[in-house]
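What follows draws every value from the coordinates through simple rules; no lab data is involved. All values reported here derive from a predicted model rather than from experimental measurement. Here the Cβ is made from the backbone with ideal geometry for all residues, glycine too, and neighbour counts use every protein chain on show.
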Amino acid sequence: MDKLQIDTIIQTVENLPLKQAFAYLEAHFPNAIVFSTSLGLEDQVLTDILSAQEIKIHIFTLDTGRLFSETYDLLDKTIAYYKQPIQVFFPEAPRVEAYTAEKGINAFYESVENRKECCAIRKIAPLTRALSGAKVWVTGLRADQSANRKNMPLMAWDEEKQIFKYNPLINWTTEALSDYINQHNVPLNPLHKKGFPSIGCAPCTRAITADEDPRAGRWWWETSHKECGLHQSTGNS
C-alpha cells in the first residue's frame with residue numbers, strides 16, 4: 001500500500017463518527033479487522049459499543065498465564081453478556097519453560113531486561129500471531145492513560161507490522177469513560193474498585209493511591225515508562 005492510499009484512509013477515518021468509521025473500514029478491509037482487548041475499562045467500553053452497534057469485528061485477548069482470577073472471571077462474563085466470542089492467544093510453552101528454567105519463575109523482578117523479555121514471550125509474541133493477516137488493529141487506548149500515550153493519534157500506519165492501528169477512544173476523557181460505563185452498565189473487573197485502574201499480570205500489578213499516576217501500579221518496582229512493548233508511542237504506531 002502506497003503512502004497516498006495510507007494517508008487517504010487515515011484522513012477519511014479521522015473525519016468520520018465512530019460507527020461510520022467502522023463501516024468504512026469494514027468495506028475496505030472485510031474480515032481483516034481485529035480488536036485486542038485486555039478487559040480493562042476502555043476495552044470493555046469499546047466491546048459494549050461494538051456490540052450495541054453490531055459492528056462485525058474479530059475480538060481477541062492475550063492470556064499470559066499470570067493474570068488475576070478476577071480477569072478470567074470477567075472474560076467468561078463478557079463472552080456470555082455480549083454473546084460475542086473472544087479468541088484467547090497463549091504464549092508458546094517451550095519459550096516460557098526455557099525462560100523460567102534459565103532465570104526463574106519471577107525473574108522479571110530482577111531487571112528491566114528480564115521483565116521486557118518476559119513481556120516479549122508472554123505478550124508480544126502472541127500478539128504477533130493474533131495480528132497475522134489483519135489489516136486494521138483496533139485498541140482501547142486513551143491519551144489520558146499515561147504520558148507515553150498522550151500524543152498517540154486516532155489512527156496511524158504501523159510500518160513495522162504493516163497494519164493500520166485505530167484507537168477510537170483516544171480522545172475520550174476519564175469523565176466521558178465513567179459516564180458511559182455508568183449509563184450502559186458495562187461489566188467490569190471488580191479490582192477497579194479496589195484501587196487498580198490498570199490491570200495486567202498479577203505479579204506485575206498493584207493497587208495505587210489517589211495521588212499516584214494511573215499507570216504507577218504496573219511494574220511498580222521499576223522506574224520505566226510503564227509499557228510492555230505492545231503499544232509504542234512512535235509516529236508509526
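Mind running the shape call on region 131-221? Use the C-alpha gyration tensor, a ≥ b ≥ c as the square roots of the eigenvalues: rounded below 1.5 for a/c, prolate if a/b tops b/c, oblate otherwise.
prolate
Mind listing the Cα extents of region 3-190 along all three principal axes, in Å, largest one first?
Taking max minus min along each principal axis of the Cα atoms, region 3-190 gives 50, 41, 32 Å.
Quick one: among 167, 151, 182, which has the greatest mean-square fluctuation in a GNM of the chain with alpha-carbon springs under 10 angstrom?
182
At most 15 other C-beta atoms within 10 Å and a DSSP loop state: those are the exposed chymotrypsin sites (Phe, Trp or Tyr not before Pro) I care about. Give me the longest piece of the chain that has none. Display every interim value, and only then the final one.
Numbers: sites that count: 220, 221.
With chymotrypsin sites (Phe, Trp or Tyr not before Pro) excluded where exposed in loops, the chain gives 1-219 as its longest stretch.
Quick one: compute the contact order of the chain, relative version, from alpha carbon pairs under 8 angstrom and 6+ residues apart, as a percent.
About 22 percent, as a whole number.
Rounded, prolate or oblate for region 44-113? Axes are the square roots of the Cα gyration tensor eigenvalues, ordered a ≥ b ≥ c, and the cut-off for rounded is a/c under 1.5.
Because a/c hits 1.5 or more and a/b exceeds b/c, region 44-113 counts as prolate.
Pop the C-beta distance of residue 129 and residue 54 into the FRET formula with R0 = 25 Å and round what comes out to the nearest 0.05.
Numbers: r = 27 Å, r/R0 = 1.10.
Efficiency at R0 = 25 Å is approximately 0.35.
Between residue 178 and residue 83, what's the calculated FRET efficiency when r is the beta-carbon distance and R0 is 22 Å? Round to 0.05.
Values: r = 25 Å, r/R0 = 1.16.
For R0 = 22 Å, the calculated efficiency reads 0.30.
Quick one: what are the phi-derived ³J(HN,Hα) couplings along region 85-93, Karplus 6.51/-1.76/1.60 with θ = phi - 60°, whole Hz, x for glycine and proline?
In residue order, the calculated couplings are x, 10, 6, 9, 10, 10, x, 6, 3 Hz.
Okay, helix-only estimate at 222 nm for the chain: each DSSP H run of n ≥ 4 adds -39500 (n - 2.57), divide by all residues, round to 500 deg cm²/dmol; what do you get?
Values: 8 runs with 85 residues, N = 237.
That calculation yields -10500 deg cm²/dmol at 222 nm.
Looking at the chain only, what percent of DSSP beta bridges run antiparallel? Nearest 5 please.
Close to 30 percent.
Given a Förster radius of 45 Å and the C-beta distance between residue 28 and residue 76 as r, what FRET efficiency does 1/(1 + (r/R0)^6) yield to the nearest 0.05? Show your work: numbers first, answer last.
Details: r = 34 Å, r/R0 = 0.75.
It comes out at approximately 0.85.
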